[in-house]
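The values are calculated or read from the model by the stated rules, or taken from the named source; none is laboratory data. None of the values given here were measured: they were computed from a predicted structure. Glycine also receives a Cβ, built like all others from the backbone with ideal geometry; neighbour counts cover every protein chain displayed. Heads up: the accessible areas ignore ligands, DNA and RNA and are worked out on the full protein's heavy atoms, side chains in. Shrake-Rupley method; radii C 1.70, N 1.55, O 1.52, S 1.80 Å.
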Amino acid sequence: MSSAGLERPQLVAHVQQALNYTLFDCKWVPRSARLLCLGSAARGTGILQLYELQGGRLALLREIEKAKPIKCGTFGATSLQQRYLATGDFGGNLNIWNLEAPEIPVYSVKGHKEIINSIDGVGGLGIGEGAPEIVTGSRDGTVKVWDPRQKDTPVANMEPVQGESKRDCWTVAFGNAYNQEERVVCAGYDNGDIKLFDLKTMSLRWETNIKNGVCSVEFDRKDVNMNKLVATSLEGKFHVFDMRTQHPTKGFASVSEKMEMSEGVNAEEYPTEIHDYLAAFEKSLGSVDEMLKTMMSLSRSDLLQKLEPLEQAKLDLVSVYTLNSMFWVYLATQGINPKEHPVKQELERIRTYMNRVKEIADKKKASKLDKGAASRFVRNALWEPNAENEHTSKTPVKGKKRKMD
């Protein structure tokens with residue numbers, strides 16, 4: 001390895017473990033050589049696996065299956081003695097588990113109407129002053145703060161004001177918990193919004209937009225006066241905000257940089273056995289993209305005017321079938337079993353109508369029978385006796401007499 005290569009940060013894989021389910025989150029168990037893997041099984045249930053590092057390998061200690069796929073988890077609100085795990089799942093449920101007896105949660109609440117995308121904790125593990133609290137961010141557009149000592153009701157609920165569109169909250173983080181009173185929550189959304197909520201004054205302290213979906217936000221430390229905040233986006237950029245001084249109109253100063261692929265890193269580093277599937281998938285996406293470009297180049301009214309009613313029906317059915325099929329794929333990527341979702345019945349209903357349209361089209365293609373021509377053909381092909389022929393056939397044929405000499 002060259003000296004230039006040694007100057008760059010190096011990531012060395014210590015242990016690798018293959019999994020047969022979709023992994024969404026992974027957490028170290030505090031002060032131990034154990035880690036937790038959270039995810040979704042193919043049949044749409046939740047998986048929680050506990051591993052321990054033993055002699056350079058990962059040993060599976062326990063596997064627990066839950067009713068809903070588990071999206072995220074945190075130990076941030078638990079004590080070092082208990083080490084309870086708080087999780088958010090696809091059903092919008094917030095659960096806290098005792099890993100020594102994980103069959104029934106020690107705390108459970110239906111926190112959101114939709115999936116909980118992100119979760120964070122503070123006040124536990126000796127990090128941050130004040131009461132232990134948990135914050136959750138959901139697809140339903142709300143950010144909620146929970147005190148496990150208070151059953152069922154959040155201590156704070158940040159939701160869109162009346163008239164404001166609901167945005168999918170992708171990430172949340174606690175910060176500024178340096179005394180018993182101060183505490184903030186930062187949330188990032190799918191449209192690039194970043195919002196800072198002050199829990200002391202229960203108000204929106206600051207907001208900005210980084211023009212792309214916010215994948216994660218995190219303070220450099222939760223237990224000190226706000227110092228630095230980092231946010232990453234879908235386009236591969238990270239933004240670092242200086243939270244020490246807030247300008248009245250411009251907010252916080254920041255710098256941003258786009259991540260570049262390091263030399264020597266293979267961008268196609270994935271299992272070789274799925275290469276053919278990925279290639280076929282990419283080709284299919286290209287075909288869909290070309291078809292959509294063609295369809296979008298004309299307005300719907302102009303497009304339908306050029307088509308006959310039967311062709312219009314075909315276009316509508318193919319369009320709605322494609323949209324539902326893409327939603328099917330989306331559910332699968334989110335760990336939801338599409339076969340147990342109403343989209344399955346919707347696809348079957350659309351296929352029924354597609355079969356009906358096909359039957360109508362086949363009937364139109366079938367050759368039409370000219371009954372008059374068919375009758376003449378059959379009549380001429382068969383011999384029918386007429387009156388003259390019938391009379392002739394009944395008259396005996398007389399032979400000529402022959403004279404004898």
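Going through TYR330, TYR321 one at a time, which residue ends up being closer than 29 Å to LYS365 by Cβ, in a helix (DSSP H, G or I) and at pLDDT 85 or above? Steps first, answer last, please.
Values: TYR330 fails: closer than 29 Å to LYS365 by Cβ.
TYR321 is the lone residue from the list that is closer than 29 Å to LYS365 by Cβ, in a helix (DSSP H, G or I) and at pLDDT 85 or above.
Would you be able to tell me the number of residues in the range 291-310 that are at pLDDT below 80 and either open to solvent by 80 Å² or more (accessible area, probe 1.4 Å) or not aliphatic (A, V, I, L, M) (or both)?
10
Would you check if there is a residue in the range 85-102 being loosely packed, with under 12 Cβ neighbours inside 10 Å, of a type in the set (Val, Ile, Thr) and in contact (Cβ under 8 Å) with a residue 40 or more places away in the chain? Let's see the steps before the verdict.
Step one: list which residues in the range 85-102 are loosely packed, with under 12 Cβ neighbours inside 10 Å, which gives 100-101.
This time we only want the ones that are of a type in the set (Val, Ile, Thr), so: none.
There is no residue in the range 85-102 that is loosely packed, with under 12 Cβ neighbours inside 10 Å, of a type in the set (Val, Ile, Thr) and in contact (Cβ under 8 Å) with a residue 40 or more places away in the chain.
For the range 64-85, name all the residues that are over 18 Å from GLU100 (Cα atoms) and in a strand (DSSP E or B).
ILE70, LYS71, CYS72
Does the range 352-362 contain any residue that is at pLDDT below 65, among the hydrophobic types (A, V, I, L, M, F, W, C) and either surrounded by 10 or more Cβ atoms within 10 Å (Cβ to Cβ) or farther than 30 Å from ASP25 by Cα (or both)?
No.
Can you tell me which residue within the range 55-70, out of those that are free of Cβ contacts under 8 Å to residues at least 60 places away in the same chain, out of contact with any Leu (no Cβ under 6 Å at 6 or more places or on another chain) and open to solvent by less than 70 Å² (accessible area, probe 1.4 Å), is nearest to VAL106 (Cα to Cα)? Step through it out loud before you land on a result.
So in the range 55-70, the residues free of Cβ contacts under 8 Å to residues at least 60 places away in the same chain come out as 55-68, 70.
This time we only want the ones that are out of contact with any Leu (no Cβ under 6 Å at 6 or more places or on another chain), so: 55-60, 63, 65-68.
Okay, now just the ones that are also open to solvent by less than 70 Å² (accessible area, probe 1.4 Å), so 56, 58-59, 66.
On the way: GLY56: 33, LEU58: 28, ALA59: 26, LYS66: 15 Å.
Top of the filtered list is LYS66.
So which residues in the range 106-153 are farther than 23 Å from PHE219 by Cβ and open to solvent by 40 Å² or more (accessible area, probe 1.4 Å), if there are any at all?
VAL106, SER108, LYS110, LYS113, GLU114, ARG139, ARG149, GLN150, LYS151, ASP152, THR153
What residue, of PHE197, PHE252, PHE241, is over 17 Å from ALA173 (Cα atoms), of a type outside the set (Lys, Arg) and either modelled with pLDDT of 95 or more or open to solvent by less than 50 Å² (accessible area, probe 1.4 Å) (or both)?
Details: PHE197 fails: over 17 Å from ALA173 (Cα atoms); PHE241 fails: over 17 Å from ALA173 (Cα atoms).
Result of the check over PHE197, PHE252, PHE241: PHE252.
Tally the residues that are hydroxyl-bearing (Ser, Thr, Tyr), out of contact with any Phe, Trp or Tyr (no Cβ under 9 Å at 6 or more places or on another chain) and surrounded by 13 or more Cβ atoms within 10 Å (Cβ to Cβ), restricting the search to the range 154-184. Break it down stepwise before answering.
Taking the range 154-184 as the starting set, the residues that turn out to be hydroxyl-bearing (Ser, Thr, Tyr) are 165, 171, 178.
Cutting the leftovers down to out of contact with any Phe, Trp or Tyr (no Cβ under 9 Å at 6 or more places or on another chain) gives us 165, 178.
This time we only want the ones that are surrounded by 13 or more Cβ atoms within 10 Å (Cβ to Cβ), so: 178.
Total satisfying the criteria: 1.
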